[in-house]
Amino acid sequence: MLTLIDNGHGRQTRGKRSPDGSVEEWRVNRQLARRLLTLLQQAGEPAALLVPEDDDIPISTRRRRIMQHAARLGAPDVRLISIHCNAAADGSHWSTARGWSVYLHTDAKPADIRLATQLAQAVRQACFSIRRPGPAHPYWTAPLALLRDLPLAACLTENLFMDNRDDCLMLRQPHILDRLAEALANGLIGEAQPRPAL
Ligand SMILES: [Zn+2]
């Protein structure tokens, strides 16, 4: 199973940042994506960065890259995790919302739900707070263009709020990014294991 790691935004999207400018989303997304790539590869899991560039790559191009991998390997053998940081406001002031969350497309498939559930479980086990719509729902849904009608398991993660003071402080600490990447890797590796039949 090849894991494609998408890091949201590029260096041209400078507006997505913490109110104090200490965290820029495009940078921290890449730091997390690279850590996750290394951890998966060390565990013998095939993985690749969907956007190795620092530039903004249009969604249409990213979708084309995803579909090329799916055509080469077969869609069931490819999955996508997109890495973002959340913001509750426009970056001009601090907000109270915080925590980690995972989004699926509004028309989520069972494979998407399994992936999101496994990731949320692993992130919670690593003691990060999970932001979710309700106790029975570990994931959010939205009509996300990147994930629309993909034939493979796909989800988008929002890795803490860069406009929350506490989360922002966490995002600035390399060992916290390591712990977050480890949690994502654990979720992905757990998800790749065959589940026992019920
Ligand atoms: Zn983003």
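The values are calculated or read from the model by the stated rules, or taken from the named source; none is laboratory data. None of these values were measured; they are calculated from a predicted model. Keep in mind that these areas ignore ligands, DNA and RNA; they rest on the heavy atoms of the full protein, side chains included. Shrake-Rupley method; radii C 1.70, N 1.55, O 1.52, S 1.80 Å.
Some observations on this one:
- Within the range 1-122, percent of DSSP bridges classed antiparallel, to nearest 5: 10 percent
- Proximity of backbone amide H atoms, modeled 1.01 Å from N, is registered between Val102 and Trp140, Glu158 at under 5 Å, excluding neighbours fewer than 5 places apart on the same chain.
- Nearest-ten-degree value, helix 174-192 long axis tilted from longest Cα axis of the chain: 20 degrees
- Of all accessible heavy-atom area on the range 29-160, the percent that carbon and sulfur account for (1.4 Å): 52 percent
- Taking amide H as placed 1.01 Å from N in the peptide plane, the amide H of Leu50 sits under 5 Å from that of Ile5, Asp6, Asn7, each at least 5 places away or on another chain.
- Think of a 1.4 Å ball rolled over the protein heavy atoms: the chain then has 47 Å² of accessible area per residue.
- Panel note: the C-alpha atoms of the chain, placed on their principal axes, show extents of 46, 36, 33 Å (largest first).
- Hz values of 3J(HN,Hα) by residue in the range 40-48 - Karplus curve (6.51, -1.76, 1.60), Gly and Pro given as x: 5, 5, 5, 8, x, 8, x, 8, 8
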